[in-house]
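Input: a single structure, listed below in structure tokens.
The values are calculated or read from the model by the stated rules, or taken from the named source; none is laboratory data. All of these numbers come straight from a predicted model, not from anything done at the bench. Cβ placement follows ideal geometry from the backbone for every residue including glycine, while neighbour counts extend to all protein chains displayed.
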């Protein structure tokens, strides 16, 4: 007698780019290889994540506005669930918990914005980010008790979400993302030290702290001693334009612009130090990429940076948004005085932890 397959629904209607799309593709790629389950994926567009053996439902209009996104999550998905075979597991891959017909539910919590302190600068440069931090806090809380598990990428977020939502930490799974990195060479240092900050021009990335620190350092040591390379051009958005207007005349700051992956890898080779001042990250991919070089890193003193840099050999942390403190750390790199930079111990995650998709779905389906 044939055993009926368990039905898994993956809902990801607002996932279209970046790290969340990578998670969705990895998830569906894994599920497409399993013969013991049937899978329905509710997505923005099938073309973004097409894999054999998956049934797709496209809802492109959900991304048109926040009102439509909320309507889709809290009304449309409930109606869709009644038309599908009852799900053994409904796994929402982007922060929200819909009210659906399913034996079990779980939600993947990507966004760290609820734990970021917004500023007047954020409201001025991009009010949507400041509002998003508040809205995500609401989205996490709404219907959260329907979930058997929450899934996060780091231990600190498990603890923070547990407190925010009064949710049992033993039911929050840490699933660190797995990366495969190309080998990064290490070029010999030139006469100019190079500080690199690869990131997108979003106001919470805190480029201004690095720019101010670079201006202070240039004033202290003179021109031509170092370069601070930024992967923005200055014309991407209001924030980038403001940064360029404020710091374009600082000799040591280079607005390099967006870099393709191969060009970024060359920058990693040539850079003497990675600087990462971002005020909010779920992971911080450049930290993972750069630490394989063994070269120094100066990171914002925040939980995500401590976890992502685990295993790195030469790391210094600076006080959040403190340009003077950052300038002092950069000066040490410039002078070769990095004996105070530390090796970060590798992290032992508390259970439950899932190092791969097979382990994650075993926990979600069996527990």
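Structure notes:
- Which numbered condition residue 346 fails, given (1) surrounded by 13 or more Cβ atoms within 10 Å (Cβ to Cβ); (2) within 24 Å of residue 158 (Cα to Cα): (1)
- The numbered conditions (1) within 23 Å of residue 358 (Cα to Cα); (2) out of contact with any strand residue (DSSP E or B) (no Cβ under 8 Å at 6 or more places or on another chain); (3) touching a residue at least 60 places away in the same chain (Cβ under 8 Å) are all true for residue 66 except (1).
- Residue within segment 18-31 that is closer than 18 Å to residue 92 by Cβ, part of a strand (DSSP E or B) and without any contact (Cβ under 8 Å) to a residue 60 or more places away in the chain present: no
- Residue in segment 266-275 that is over 23 Å from residue 325 (Cα atoms), touching a strand residue (DSSP E or B) at 6+ places or on another chain (Cβ under 9 Å), free of Cβ contacts under 8 Å to residues at least 60 places away in the same chain and surrounded by fewer than 18 Cβ atoms within 10 Å (Cβ to Cβ) present: no
- Taking helices (runs of 4 or more DSSP H) as the structural unit, those lying wholly within segment 282-340 and holding at least 1 residues that are within 24 Å of residue 177 (Cβ to Cβ) and out of contact with any strand residue (DSSP E or B) (no Cβ under 7 Å at 6 or more places or on another chain) correspond to 285-291, 303-308.
- Residues that are touching a helix residue (DSSP H, G or I) at 6+ places or on another chain (Cβ under 7 Å) and either surrounded by fewer than 19 Cβ atoms within 10 Å (Cβ to Cβ) or closer than 17 Å to residue 323 by Cα (or both), drawn from segment 196-210: 196, 197, 203, 204, 207, 208, 209, 210
- Residue that is farthest from the chain's Cα centre (by Cα) [pool: residues in segment 234-255 that are at pLDDT below 95, in a loop (DSSP other than H, G, I, E, B) and surrounded by 14 or more Cβ atoms within 10 Å (Cβ to Cβ)]: 234
- Members of segment 80-107 that are buried (at least 17 other Cβ atoms within 10 Å of the Cβ), out of contact with any helix residue (DSSP H, G or I) (no Cβ under 9 Å at 6 or more places or on another chain) and under 15 Å from residue 146 (Cα atoms): 81
- Being crowded, with 22+ Cβ neighbours inside 10 Å and either over 19 Å from the mean Cα position of the chain (by Cα) or without any contact (Cβ under 8 Å) to a residue 12 or more places away in the chain (or both) is a property that residue 77 has.
- Residue within segment 167-190 that is on the phi > 0 side of the Ramachandran plot, in a loop (DSSP other than H, G, I, E, B) and surrounded by fewer than 21 Cβ atoms within 10 Å (Cβ to Cβ) present: no
- Within segment 211-223, the set of residues being farther than 15 Å from residue 323 by Cβ and either under 34 Å from the mean Cα position of the chain (by Cα) or not in a loop (DSSP other than H, G, I, E, B) (or both) comprises 221 only.
- Selection within segment 35-59 - under 25 Å from residue 355 (Cα atoms), surrounded by fewer than 19 Cβ atoms within 10 Å (Cβ to Cβ) and in contact with a helix residue (DSSP H, G or I) (Cβ under 8 Å, 6 or more places away or on another chain): 37, 48, 51, 52, 53
- Hits in segment 213-229 (condition: in contact with a helix residue (DSSP H, G or I) (Cβ under 9 Å, 6 or more places away or on another chain) and over 13 Å from residue 254 (Cα atoms)): 213, 216, 217, 220, 221, 225
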